[in-house]
Amino acid sequence: MAEVDFERALERMFADAPAFPDSEAFAARIERRLDRGWMVRRAAIGGAGLVGGVIGASQLILSRFVDRIETASTGSAKIITAGWNEVAPAADLLASTPVGSPVVWLAMAMALLALGFVVTRLIDEF
Amino acid sequence: MAGAHRETLTSLHDVELATKAATGERKAFGELVRRHGSAVRGLLRRMGAGGAEADDVAQDAFLAAFERIAEFRGEGTFAAWVKRIAARAYLRKLQKERRLQNLPADSELPAGPGHEGEAAGRIDLDEALKTLGAAERLCVSMCYGAGLSHAEAAEALNLPLGTVKSHVKRGLDKLRTRLAPAEGVDPEGRRRNG
């Protein structure tokens, strides 16, 4: 029993942490390192996303993905295009671009998605 | 604005801060470091690390704890959890630098002047630990400071369980003698009155 008493007393002494005068500076140093690591990680993820996006977009264009989709669903595309032309004549401008309007719409959708992520991240941060 | 946020954090419990830190909130983790940084730095010094080395290991341990913060579920205290991470990190460092194999079992530090007459006066834990051999000090600190079991300490130190138990027993005997006046426990283990 006395042995246990001594062990408990020893645990209490170990738990009694000494005070360090630079404890605030120590914590600040760790926060700085965390912030730096976070920035590097974010830059790496952003960079990887950009590279992946560029590769993905180029693959889409090179594989004539849009042409194949159009061939597979000509009817639907015609209906959508006709409907769109009625409500927004300005869409002709998009259709006249070299890559075709579906690619532009796809890019816009991806840009909106990316913007959504950025806004969410900013809300989290501040 | 930042001050108000900091004030909010200081009022939160460790588990709540850890939950926030798990979502990437570094300020919440910073508050945990403010609360428990001294305990971790103190433990590493008690294990035998020098001042700068202890602080480096403590920093790395806190960064590792941040990476693994989702594993902390509040079963024990945050301080105990991070101390275990720090103790293991220090042992890994000793192993990497091949310092663990050369730990002398007996005390490297001779008793300083005045130690003989200390039975009547108070001697604190840090001073008492200095009278232990490096291996005894490590084992005792790991078991009573970091909360590891003998088996866990043996595994972390890569030593047979019996060896760790011997180190702990010898260390405790020495500490009991040294700390007797301070803790009200005499060398034979009997509680003193008052």
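The values are calculated or read from the model by the stated rules, or taken from the named source; none is laboratory data. These numbers come from a predicted model, not from an experiment. So basically every Cβ, Gly included, is an ideal-geometry build from the backbone, and we count neighbours across all protein chains shown.
If you go through the range B:24-34 and keep only what is without any contact (Cβ under 8 Å) to a residue 24 or more places away in the chain and more than 8 Å from chain A (Cβ to nearest Cβ), you end up with B:Glu25, B:Ala28.
Only residues that are in contact with a helix residue (DSSP H, G or I) (Cβ under 8 Å, 6 or more places away or on another chain) and more than 15 Å from B:Glu155 (Cα to Cα) were counted across the range B:131-140, and they come to 5. Does A:Ala9 qualify as being within 10 Å of chain B (Cβ to nearest Cβ), surrounded by 14 or more Cβ atoms within 10 Å (Cβ to Cβ), closer than 26 Å to B:Gly147 by Cβ and at pLDDT below 85? No; evaluated as a whole, the condition is false for this residue.
Residues that are over 14 Å from A:Pro102 (Cβ atoms), surrounded by 11 or more Cβ atoms within 10 Å (Cβ to Cβ), at pLDDT 75 or above and under 31 Å from the mean Cα position of the chain (by Cα) occur at least once in the range A:53-68.
I want to confirm something. Restricting to the range A:13-23 and keeping residues that are more than 7 Å from every other protein chain (Cβ to nearest Cβ) and surrounded by 12 or more Cβ atoms within 10 Å (Cβ to Cβ), which single residue is nearest to the chain's Cα centre (by Cα)? Only one residue fits best here, namely A:Asp22. Taking the condition more than 26 Å from B:His36 (Cβ to Cβ) and either at the interface with chain B (Cβ under 7 Å from one of its Cβ atoms) or in a helix (DSSP H, G or I) (or both), does A:Gly47 pass? The answer is yes for A:Gly47. Answer with yes or no whether B:Ala70 is more than 12 Å from every other protein chain (Cβ to nearest Cβ) and surrounded by fewer than 15 Cβ atoms within 10 Å (Cβ to Cβ). Here the answer is yes, as B:Ala70 does meet what is asked.
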